[in-house]
1. Restricting attention to the stretch B:75-100, report how many residues are away from every other protein chain (no Cβ under 14 Å) and closer than 19 Å to residue B:4 by Cα.
2. Assess whether residue B:65 counts as being open to solvent by less than 40 Å² (accessible area, probe 1.4 Å) and free of Cβ contacts under 8 Å to residues at least 24 places away in the same chain.
3. Tally up the residues in the stretch A:28-53 that are open to solvent by 50 Å² or more (accessible area, probe 1.4 Å), of a type outside the set (D, E, K, R) and closer than 15 Å to residue A:82 by Cβ, please.
4. Give me the pairs: first residue in the stretch A:91-110 and more than 20 Å from residue A:25 (Cβ to Cβ), second residue small (Gly, Ala, Ser) and open to solvent by 30 Å² or more (accessible area, probe 1.4 Å), beta-carbon distance under 7 Å, and six or more apart or on different chains, which are they?
5. Within the stretch A:1-27, track down each residue that is closer than 13 Å to residue A:93 by Cβ, more than 12 Å from chain B (Cβ to nearest Cβ) and loosely packed, with under 12 Cβ neighbours inside 10 Å.
6. Which is more than 14 Å from every other protein chain (Cβ to nearest Cβ) and either open to solvent by 50 Å² or more (accessible area, probe 1.4 Å) or not small (Gly, Ala, Ser) (or both), of B:59, B:26?
7. Return the residue satisfying two criteria in turn: it lies in the stretch B:36-52 and is open to solvent by 30 Å² or more (accessible area, probe 1.4 Å) and hydrophobic (A, V, I, L, M, F, W, C), and of such residues it is farthest from the other protein chains (Cβ to nearest Cβ).
8. Would you point out which residue out of A:61, A:43, A:74 is closer than 24 Å to residue B:109 by Cα, within 12 Å of another protein chain (Cβ to nearest Cβ) and not basic (Lys, Arg)?
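The values are calculated or read from the model by the stated rules, or taken from the named source; none is laboratory data. Here the structure is a predicted model, which means the values were calculated and not measured. Cβ atoms come from the backbone with ideal geometry, glycine included; neighbour counts cover every protein chain shown. Surface accessibility is based on the protein's heavy atoms, side chains included, excluding ligands, DNA and RNA. Shrake-Rupley method; radii C 1.70, N 1.55, O 1.52, S 1.80 Å.
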Amino acid sequence: SQQGEEDPQALSIQEGENATMNCSYKTSINNLQWYRQNSGRGLVHLILIRSNEREKHSGRLRVTLDTSKKSSSLLITASRAADTASYFCATENNNNDMRFGAGTRLTVKP
Amino acid sequence: DVKVTQSSRYLVKRTGEKVFLECVQDMDHENMFWYRQDPGLGLRLIYFSYDVKMKEKGDIPEGYSVSREKKERFSLILESASTNQTSMYLCASSFWPGQGANYGYTFGSGTRLTVV
């Protein structure tokens, strides 16, 4: 069963703008991860945030986690055309297996 | 570089055939996973394994089986392929949590299987 649900399903922005994607989930988690997938390829791990963390940064990525609302957001600052991809959130639960959402398709126009 | 290698990028099989999808990782990861990805449904977990000869059912194990005879190799088997198993199949591996769990999962490039 899907655990994470991303919002929006699709997002189109201009190069240089910020992109924000949201993820909601239903059950308790150990951590939440964000992945990126270029068309027709495998997923690439971007960032992991643990259930006791509230915010994490990696380069142009900023992830927040609100366990009381069971939600997370991924912010990509100063977006580039090369950021065009699908972005998935995934939640790892107490059984140590992971569930993915359906993804947000981000298009960054040059 | 951590590598997860899936044996085929594209595969076309006939209905009723037995299909083997192979996945090999070279980072001594304990955990390995098979997902299928379909438009609008995201990734769904088929089977996973935390150790050699261990296997656990995921959310959609029906019509599939797995084999993990060696730590580095995790095979997904479609016993009798059907058209509704046409999909993108993704293999992933990871360390056991607590042993480098900051790295997340490493995915292979995927196998696009078409059953005709």
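1. Of the residues in the stretch B:75-100, 3 are away from every other protein chain (no Cβ under 14 Å) and closer than 19 Å to residue B:4 by Cα.
2. Working: open to solvent by less than 40 Å² (accessible area, probe 1.4 Å): yes; free of Cβ contacts under 8 Å to residues at least 24 places away in the same chain: yes.
Answer is yes for this residue.
3. Total satisfying the criteria: 3.
4. Listed by first residue and then by second, the contacts come to A:107/A:12; A:108/A:81; A:109/A:12; A:110/A:81.
5. Of everything in the stretch A:1-27, just one residue is closer than 13 Å to residue A:93 by Cβ, more than 12 Å from chain B (Cβ to nearest Cβ) and loosely packed, with under 12 Cβ neighbours inside 10 Å, namely A:27.
6. B:26
7. Residue satisfying both the conditions and the ranking: B:52.
8. Values: A:61 fails: within 12 Å of another protein chain (Cβ to nearest Cβ); A:74 fails: within 12 Å of another protein chain (Cβ to nearest Cβ).
Step by step, each of A:61, A:43, A:74 is checked, and only A:43 is closer than 24 Å to residue B:109 by Cα, within 12 Å of another protein chain (Cβ to nearest Cβ) and not basic (Lys, Arg).
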